[in-house]
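Undergrad: Dumping the structure here so I can ask a few things about it.
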Amino acid sequence: MTWRTEAACKDVPTEIFYPAAGEITRGRPPTPNTRPDPYAWARQICKDCPVQFPCLKEAVDTRDHYGFRAGQTPTEIYVMIHGPISDTTKQCDWCGVVFPLGKYHNTRTRFCSKDCGRAYDRVVWREKRRERGGRKGRAA
């Protein structure tokens, strides 16, 4: 017998734990004070579930951070799996702006945005072209 047979959610539709984006906002952009909790029903079901620990363990082991599991939101499960998003800051090699390393950066990130990276690449490409003596394929 697995833990799923004892779960409080065994007869509940999975849409409650994995709501679609349209169901969360109901077509209107939510404001921070009036944002509905998309997992309100899931919280009620998970509140007294006797098998929360095995459910959460499976979510972490399978790296499933897309739905509400064991009383935890997808963001909380993501942090359990991948660790917290860094508060470290770096300085952009192109523009000099100090920027935080967010979830879209890694520790080797050199630029604050794609635009700065592209500008740097253009300058490097022009310098290499000058060193070669101009454009290739030009008749002398």
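Undergrad: Cβ contacts < 9 Å: first residue in the same structural domain as residue 41 (by TED's automatic domain parsing), restricted to the range 7-20; second residue charged (D, E, K, R) and loosely packed, with under 11 Cβ neighbours inside 10 Å, any location; separation 6+ or different chain. Result?
TA: 8/47; 8/48
Undergrad: Further question: Checking residue 50 against (1) surrounded by 10 or more Cβ atoms within 10 Å (Cβ to Cβ); (2) modelled with pLDDT under 70, which test does it fail?
TA: The failed condition is (2).
Undergrad: Say whether the condition of being hydrophobic (A, V, I, L, M, F, W, C), surrounded by 12 or more Cβ atoms within 10 Å (Cβ to Cβ), part of a helix (DSSP H, G or I) and at pLDDT 85 or above is met by at least one residue in the range 125-138. Quick ask: steps written out before the conclusion?
TA: Initially, the range 125-138 is screened for residues hydrophobic (A, V, I, L, M, F, W, C), giving 125.
Going one step further and asking which of them are surrounded by 12 or more Cβ atoms within 10 Å (Cβ to Cβ), we end up with none.
Within the range 125-138, none of the residues are hydrophobic (A, V, I, L, M, F, W, C), surrounded by 12 or more Cβ atoms within 10 Å (Cβ to Cβ), part of a helix (DSSP H, G or I) and at pLDDT 85 or above.
Undergrad: If you go through the range 91-112, how many residues are at pLDDT below 80 and of a type in the set (Gly, Ala, Ser)?
TA: 1
Undergrad: Restricting to the range 53-73, name every residue that is crowded, with 19+ Cβ neighbours inside 10 Å and hydrophobic (A, V, I, L, M, F, W, C).
TA: 55, 59, 68, 70
The values are calculated or read from the model by the stated rules, or taken from the named source; none is laboratory data. Just so it is clear, the model here is predicted, and its values are computed rather than measured. All Cβ positions, even for glycine, are placed from backbone atoms using ideal geometry, and neighbour counts span all protein chains on display.
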